[in-house]
Structures are given as C-alpha cells and as structure tokens.
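The structure appears right after this line, and notes come after that.
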Amino acid sequence: MKIIDFARKGNVIRFYLGDDHLKDWYGDDWDDRPYEHNAGEVYEEYVATTYDVAVPFNALVLEPQDDWTNHGNSEYSKDDMKARKVPCIIIVPPDLVDYHDRFGYYVAIDEVIKIYFGDDFAAIKDLTFIKDMV
C-alpha cells in the first residue's frame with residue numbers, strides 16, 4: 001500500500017493508503033495553493049484503507065504549512081506533494097529537536113524522517129523510530 005494522503009492532529013498522523021497499482025489519485029482543489037486552505041481529502045474511491053500513527057510527545061511532527069516564514073500560507077499544493085516536490089510529513093526524532101519549529105529548517109536535515117506521497121507504507125511503518133513509538 002502506498003501513501004496517497006494524510007491528516008494530522010498534533011503528533012497523530014492518519015495516512016490514507018491506496019493500492020500499489022494505483023497510478024493517479026486526487027481530491028478537491030489539489031492543484032490550488034496553499035493546500036492547507038484549499039485542498040480537500042483524497043476522494044474516497046481511491047482509498048483502500050487508513051492507518052493511524054501516534055508519534056511520541058517529545059518528537060516533532062511537521063507538515064509544509066508549519067513554517068512561520070510562510071505567514072500562514074505555504075507555497076505548496078497537494079499536487080506538489082503527489083509530484084514528490086515536498087514531503088507531506090516530516091518527523092524529527094527527539095534528539096534532533098531544538099528551539100526551531102520550522103518545516104523549512106528541519107526538512108534539510110538528513111536524519112529527519114521525510115514521508116512523501118507514493119511512499120510504500122510498509123517501509124514507513126518498519127522504520128526503527130516509528131516502530132519504537134507504536
């Protein structure tokens with residue numbers, strides 16, 4: 001199963017998963033920027049299942065909208081995420097969390113977990129950091 005959308009509440013992430021053979025998927029206004037004010041969830045017809053991941057309190061979960069330099073309007077659409085131009089979610093392990101809380105700062109760090117649309121969810125779920133958290 002591959003990741004085709006997400007929703008986040010704090011450190012809990014709901015991944016919407018589609019079949020591996022799925023070539024195209026979308027939702028309402030996925031071509032509009034900023035995604036956080038325009039895009040709807042992926043259309044239900046593409047969703048095979050969902051999976052919720054709870055990330056520990058001392059880790060940091062960020063999405064592209066989480067950057068104060070954007071002034072509340074990110075530069076990304078969900079189509080950008082589908083095209084893998086930007087991760088939909090990043091997870092900052094506790095040992096890397098410092099006074100920064102900006103997506104743009106952490107996305108450039110190699111050790112940060114970057115999750116993209118189209119990623120194989122089994123590979124994400126099997127990451128040591130995530131396995132330790134569940």
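The values are calculated or read from the model by the stated rules, or taken from the named source; none is laboratory data. Note that the structure is predicted; figures quoted are calculated from it, not measured. Every residue, glycine as well, gets a Cβ built from its backbone with ideal geometry; the counts of neighbours run over all protein chains shown.
Of everything in segment 61-101 that is in contact with a Pro (Cβ under 8 Å, 6 or more places away or on another chain) and either farther than 24 Å from residue 30 by Cα or of a type in the set (A, V, I, L, M) (or both), the residue that is modelled with the lowest pLDDT is 94. Residue pairs whose Cβ atoms lie under 7 Å apart, separated by 6 or more positions or on different chains, with the first residue in segment 93-117 and assigned to a helix (DSSP H, G or I) and the second small (Gly, Ala, Ser), are 94/59. For residue 40, indicate whether it is in contact with a strand residue (DSSP E or B) (Cβ under 8 Å, 6 or more places away or on another chain), of a type in the set (Gly, Ala, Ser) and without any contact (Cβ under 8 Å) to a residue 24 or more places away in the chain. Yes. Count of segment 36-90 residues, restricted to those that are of a type outside the set (Phe, Trp, Tyr), part of a loop (DSSP other than H, G, I, E, B) and within 18 Å of residue 108 (Cα to Cα), is 13.
The single condition among (1) closer than 14 Å to residue 8 by Cβ; (2) among the small types (Gly, Ala, Ser); (3) surrounded by fewer than 16 Cβ atoms within 10 Å (Cβ to Cβ) that residue 83 does not satisfy is (1).
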